[in-house]
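Participant: The structure follows.
The values are calculated or read from the model by the stated rules, or taken from the named source; none is laboratory data. The structure displayed is predicted, hence computed values, not measured ones. With ideal geometry, Cβ positions are generated from the backbone for all residues, glycine too; neighbour counts draw on all protein chains shown.
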Amino acid sequence: MLFMSTRGKSPAVTASEAILQGLAPDGGLYVPQLFPYIPLQRLKMATSYPELAYEVLAPFFAGDELESELAEICMEAFDFPVPLHWHNDQMAVLELFWGPTAAFKDFGARFLAACMQRLLAKRDRKLTILVATSGDTGGAVAAAFHKRPGISVKVLFPEGKVSARQQQQLTCWSDNVEAYAVRGVFDDCQRMVKDSFMDPELVREYGLSSANSINLGRLLPQIVYAFHASLEVVVKTGMEPDLIIPSGNVGNSCGSFWAKVVGAPIHSIVLALNANRPILDYIETGKYQKRPSVATLANAMDVGDPSNMERLTHLFSDHASFTDEVSAHSVSDEMIRTEIKNIWETYQYTVCPHTATGEYVRKLTQSIHPSVVYATAHPAKFNTIVEPEIGSEVPIPVQLSELLEKPSRYKTIDPDHHLLFTH
Ligand SMILES: *Cc1c(COP(=O)(O)O)cnc(C)c1O
């Protein structure tokens with residue numbers, strides 16, 4: 001099994017090579033050269049989530065240097081529950097927030113970390129991972145790589161621009177994880193990462209690498225829960241579900257489209273967007289145009305130029321086939337607030353602002369099929385938005401409260417990438 005670049009100007013590589021490289025040399029993203037077909041019969045024998053993950057991912061690692069370690073990697077990465085919560089006979093929520101940092105990015109970050117550690121050990125190489133973050137990504141990456149031998153992590157966040165609970169998740173690690181509060185905005189953090197990668201001496205000396213959402217190692221594990229959810233819905237209802245996915249960089253939804261292509265019993269996939277809607281504009285007009293991002297209550301989806309769009313347009317290569325498969329709706333901040341309250345009053349269930357976009361879109365899709373909304377983060381991470389709507393406190397899950405109690409440690413620096421490498 002080999003992966004090729006969306007731009008078609010780099011040689012095809014194995015999954016492991018794609019994971020180590022991140023971006024393809026021609027600037028494209030790695031996608032399967034040929035999609036495997038996964039027979040459902042085999043998946044039905046899996047008795048746990050890690051076993052299911054192994055069965056789904058094995059074809060993508062066929063012939064790969066990590067093939068024989070894949071079962072162990074899945075056991076290690078997916079060591080938390082992935083429950084489907086049913087509002088009623090037809091409507092479910094897939095809770096993707098029971099990992100260490102209470103958001104779905106734990107799936108990708110933990111799988112990537114487990115793969116990278118093994119690949120580096122084989123090569124006797126060391127790595128420094130740079131992450132600029134405006135919220136969830138930095139925490140998931142820090143948690144996933146914490147205490148991994150041979151890998152250090154530098155997390156950059158804009159000083160005073162992340163929520164108190166987010167900042168705690170970025171700064172509570174120590175050991176091999178260093179956090180930097182940058183005197184500037186998110187764009188300054190991102191520029192410092194880019195400047196570091198432009199410096200060949202730093203790249204060589206520190207073995208610089210990134211763990212952002214375009215890495216194949218973060219995308220592949222996101223195929224698995226689309227199978228997990230759709231198989232469970234088919235068993236319960238006898239029908240294939242519509243999946244409704246709160247989306248920003250569309251990595252999560254791309255994983256589910258890949259799942260559908262390789263055989264998951266999914267009826268349709270609908271993207272829930274906030275006010276950032278370049279994908280919806282593309283669907284409506286046939287023209288894709290990136291835009292500056294707009295700040296919303298669902299801040300992990302504030303993306304004006306989704307990084308995985310290139311994978312979606314590669315999969316559905318003309319506008320007609322794109323609109324056949326991909327539909328999307330945009331949800332305003334006002335609707336997000338109303339929906340958090342509405343779901344609480346109707347089902348006594350609390351959703352985060354991102355999940356609320358999905359719940360709102362569920363009402364717009366007039367389908368006779370059962371539906372699954374992906375719950376991308378635990379509502380306790382966004383307590384300052386959620387609690388005023390529901391009029392009560394959101395209980396903090398145990399994994400989050402453990403992080404909130406750890407001591408916080410970080411350096412505050414000016415926006416100059418040299419300051420990341422002075423000791
Ligand atoms: C990252 C994130 C999203 C968006 O996921 P993409 O893969 O970027 O589309 C949605 N919700 C939460 C809570 C996130 O952290």
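Participant: Restricting to helices (runs of 4 or more DSSP H) lying wholly in region 154-244: which have 1 or more residues that are within 21 Å of the chain's Cα centre (by Cα)?
Facilitator: Values: elements: 164-171, 186-197, 200-206, 216-219, 221-237.
Helices (runs of 4 or more DSSP H) meeting the threshold: 164-171, 186-197, 216-219, 221-237.
Participant: For region 81-140, which residues satisfy the criterion of being acidic (Asp, Glu) and in contact (Cβ under 8 Å) with a residue 60 or more places away in the chain? It would help to see each step written out before you state the result.
Facilitator: Step one: filter region 81-140 for residues acidic (Asp, Glu), giving 89, 95, 106, 124, 136.
Passing the criteria: ASP89, GLU95, ASP136.
Participant: Additional query: Quick check: is even one residue across region 311-328 touching a helix residue (DSSP H, G or I) at 6+ places or on another chain (Cβ under 8 Å), β-branched (Val, Ile, Thr) and within 12 Å of the ligand (Cβ to nearest atom)?
Facilitator: No - not one qualifying residue is present in region 311-328.
Participant: Next question. So which residues in region 375-392 are among the polar types (S, T, N, Q), farther than 21 Å from SER253 by Cβ and within 16 Å of the ligand (Cβ to nearest atom)? Step through it out loud before you land on a result.
Facilitator: At the first step, the residues of region 375-392 found to be among the polar types (S, T, N, Q) are 376, 383-384, 392.
Filter once more, keeping what is farther than 21 Å from SER253 by Cβ: 383-384, 392.
Once the filter is applied, which keeps residues that are among the polar types (S, T, N, Q), farther than 21 Å from SER253 by Cβ and within 16 Å of the ligand (Cβ to nearest atom), region 375-392 yields ASN383, THR384.
Participant: I'm told VAL153 meets every condition in (1) crowded, with 17+ Cβ neighbours inside 10 Å; (2) at pLDDT below 90; (3) of a type in the set (A, V, I, L, M, F, W, C) except one. Can you identify the failing condition by its number?
Facilitator: Of everything listed in (1) crowded, with 17+ Cβ neighbours inside 10 Å; (2) at pLDDT below 90; (3) of a type in the set (A, V, I, L, M, F, W, C), VAL153 misses just condition (2).
Participant: Can you name the residue in region 41-74 that is in contact (Cβ under 8 Å) with a residue 60 or more places away in the chain and of a type in the set (Gly, Ala, Ser) and is also surrounded by the most Cβ atoms within 10 Å (Cβ to Cβ) among such residues?
Facilitator: ALA53
Participant: Looking at region 236-256 only, could you name the residues that are within 13 Å of the ligand (Cβ to nearest atom) and more than 18 Å from LEU43 (Cβ to Cβ)?
Facilitator: Once the filter is applied, which keeps residues that are within 13 Å of the ligand (Cβ to nearest atom) and more than 18 Å from LEU43 (Cβ to Cβ), region 236-256 yields ILE244, ILE245, PRO246, SER247, GLY248, ASN249, VAL250, GLY251, ASN252, SER253, CYS254.
Participant: Pick out, from region 300-412, the helices (runs of 4 or more DSSP H) lying fully within it that include 3 or more residues that are at pLDDT 95 or above and farther than 30 Å from THR171 by Cβ. Working first, answer last.
Facilitator: On the way: elements: 309-315, 319-325, 333-347, 353-364, 383-390, 398-405.
By residue number, 309-315, 319-325, 333-347, 353-364.
Participant: Is there any pair with a first residue in region 177-191 that is at pLDDT 95 or above and surrounded by fewer than 22 Cβ atoms within 10 Å (Cβ to Cβ) and a second that is of a type in the set (D, E, K, R) and assigned to a loop (DSSP other than H, G, I, E, B) whose Cβ atoms are under 8 Å apart and which are 6 or more apart or on different chains, and what are they?
Facilitator: Matching pairs, first to second residue: ALA181/GLU159; ARG183/GLU159; ARG183/ASP414.
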